[in-house]
Each structure stands twice: as C-alpha cells, then as structure tokens.
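Heads up, the thing below is written out as structure tokens.
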Amino acid sequence: MYYETATNDHGLPHDPLKALVAPRPIGWISSLDADGTPNLAPYSFFNLLATGPAIVGFSSGSKKDSQRNIEVTGDFVCNFTSVDLIDKVNATAKHVAAHVNEFELAGLTQVESRLIKAPRVAQARAHLECRYLKTVELPGEEESEMIWSLVLGQVVAVHIDDSYLKNGLVDTLAMEPLTRMGYLDYGVLGGMMTRERP
Ligand SMILES: Cc1cc2nc3c(=O)[nH]c(=O)nc-3n(C[C@H](O)[C@H](O)[C@H](O)COP(=O)(O)O)c2cc1C
C-alpha cells in the first residue's frame, strides 16, 4: 500500500504510522506544578537525543500539564517503564484536572530527586533527573488547532537499581522495558543481538 500524508488517505481504520515507528521507549514524565502538586504522565514521542551533555526530549500534542509544569518549574524526571507497571503507566495517561496527583491515582510512591525538585517514581527501575532547556514548537497542520511541541531537557543525574547492573553493564533485557507500539499496543522486548563495530 502507499499513501501521502497531505491527504492521509490510507484507507485503513486507524493511522498506521505509530505502528511502524515502533517500539518507542516511554518517558514516564514526573513534574511539579507551581503549587507543588506532583504530576505524572507517559510520553512515547520520547527519546535520548544526544550525549555529552545528555539531552532528552518528548513531544506534547497540545500544551498538557507536563509541558506547562516543566516550563514553569524548570525540571522533570524521566522514570523508566517496565512491563510489571503497565497498568500503572496506563492509568497515569488518564486526562484529569491539573490538581490531581497521578502518583496517588495510580497507587505509586514518590521519592525525592537529588538535584531537582520534581519527584521520582519509587517503583521505576531507573530515573533521569532533567533540567528544562527549551521548547521547540513544531509546524502545525493547516486548519488544525493541535500544536505539537518538543520539550527538551538536560539529564543532570541518573539513578539505576543496582540489581540491573551485571559486570558493570546495564542488563536492559532484565529491566523488561515497557515500550509503545501503535493502536492500543504496548511492546515487550523479545531478545538481543550483539556485533562488533566495523
Ligand atoms: C503509552 C502512552 C504514551 C503516550 N505518549 C504521548 C506522547 O508522546 N505525547 C502526548 O502528547 N501524549 C501522549 N500520551 C497521552 C498522555 O499521556 C495523556 O494525554 C496524559 O493525560 C497527559 O498528561 P499530563 O496532562 O499530566 O501531561 C501517551 C499515552 C500513553 C498511554
């Protein structure tokens, strides 16, 4: 099949694009609002974009609480998602009023960060403490009110559960990352292959 995005006439019941660019890591973004209320939500338009300094980014479709908080308070945490947390991750995607604490909503425990104000999810196996850098507004579609923004942060501290370090290396498979695919699908890693660089 073939279609052009200008018309999006793919003829399928759902847009296939997110099922193609998959699996995507999920940034489970925690932040604080100006009054100190914690916020937590999953973002799968998320990745590590650079190292030295380490930069992460996530895209928000319209200005949601996470973006609003981060732009006001200046920091956030990327909590790592694992398969055992699927229902809690999913629960924190619920659209709720800004004053609702999604940690409580999903039955998750908050722990303080070391260098920033935003709290971490205790149940997550790794965390990136990030300082807000900037927001890049992405080009919008004609006649659409939806504006996507790329929120960029610099990783200033990293926490890893020691039990996932084997001989000095992170055992990513053992961490069982929960990833995002298309539709309502989440992905589970099925294996690994290793090659020397040419
Ligand atoms: C696995 C998963 C990934 C998601 N990824 C994104 C994303 O990349 N960008 C986005 O705008 N919304 C995404 N959403 C929807 C948001 O999580 C949802 O709108 C949430 O309510 C936003 O919360 P906030 O207003 O507290 O930031 C995703 C939802 C799920 C379940």
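Return the pairs, sorted by first residue and then second, in which the second residue is among the acidic types (Asp, Glu) and surrounded by fewer than 12 Cβ atoms within 10 Å (Cβ to Cβ), the first residue lies in segment 1-22 and is farther than 24 Å from GLY187 by Cα, the beta carbons are less than 6 Å apart, and the residues are 6+ apart or on different chains.
Short answer, once both residue conditions are applied: TYR3/ASP9.
Among (1) within 11 Å of the ligand (Cβ to nearest atom); (2) part of a loop (DSSP other than H, G, I, E, B); (3) more than 30 Å from HIS10 (Cβ to Cβ); (4) small (Gly, Ala, Ser), where does GLY36 come up short?
(1) is the only condition that GLY36 fails.
On the basis of being β-branched (Val, Ile, Thr) and within 16 Å of the ligand (Cβ to nearest atom), does VAL188 make the cut?
yes
Hey, among the residues in segment 51-66 that are in a strand (DSSP E or B) and open to solvent by less than 10 Å² (accessible area, probe 1.4 Å), which one's farthest from the ligand (Cβ to nearest atom)? Explain how you work it out, then say what you get.
Kept after step one, since they are in a strand (DSSP E or B), are these residues of segment 51-66: 55-61.
Narrowing further to those that are open to solvent by less than 10 Å² (accessible area, probe 1.4 Å): 56-58, 60-61.
On the way: VAL56: 12, GLY57: 10, PHE58: 6, SER60: 4, GLY61: 4 Å.
Here the residue is VAL56.
Could you name every one of the strands (runs of 3 or more DSSP E) located completely within segment 112-198 that has at least 3 residues being surrounded by 10 or more Cβ atoms within 10 Å (Cβ to Cβ) and touching a helix residue (DSSP H, G or I) at 6+ places or on another chain (Cβ under 8 Å)?
Working: elements: 126-137, 148-160, 178-180, 186-188.
Of the strands (runs of 3 or more DSSP E) lying wholly inside segment 112-198, those with at least 3 residues that are surrounded by 10 or more Cβ atoms within 10 Å (Cβ to Cβ) and touching a helix residue (DSSP H, G or I) at 6+ places or on another chain (Cβ under 8 Å) span 126-137, 148-160.
Residue-wise test of (1) open to solvent by 80 Å² or more (accessible area, probe 1.4 Å); (2) in a loop (DSSP other than H, G, I, E, B); (3) more than 10 Å from the ligand (Cβ to nearest atom); (4) among the hydrophobic types (A, V, I, L, M, F, W, C).
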{"site": "ARG68", "(1), (2), (3), (4)": "yes, no, no, no"}
{"site": "ASN79", "(1), (2), (3), (4)": "no, no, yes, no"}
{"site": "LYS88", "(1), (2), (3), (4)": "no, no, yes, no"}
{"site": "ALA97", "(1), (2), (3), (4)": "no, yes, no, yes"}
{"site": "GLU104", "(1), (2), (3), (4)": "yes, no, yes, no"}
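The values are calculated or read from the model by the stated rules, or taken from the named source; none is laboratory data. Because the structure is a prediction, the values reported are computed rather than measured. So basically every Cβ, Gly included, is an ideal-geometry build from the backbone, and we count neighbours across all protein chains shown. For accessibility, only protein heavy atoms count, side chains too; no ligands or nucleic acids. Shrake-Rupley method; radii C 1.70, N 1.55, O 1.52, S 1.80 Å.
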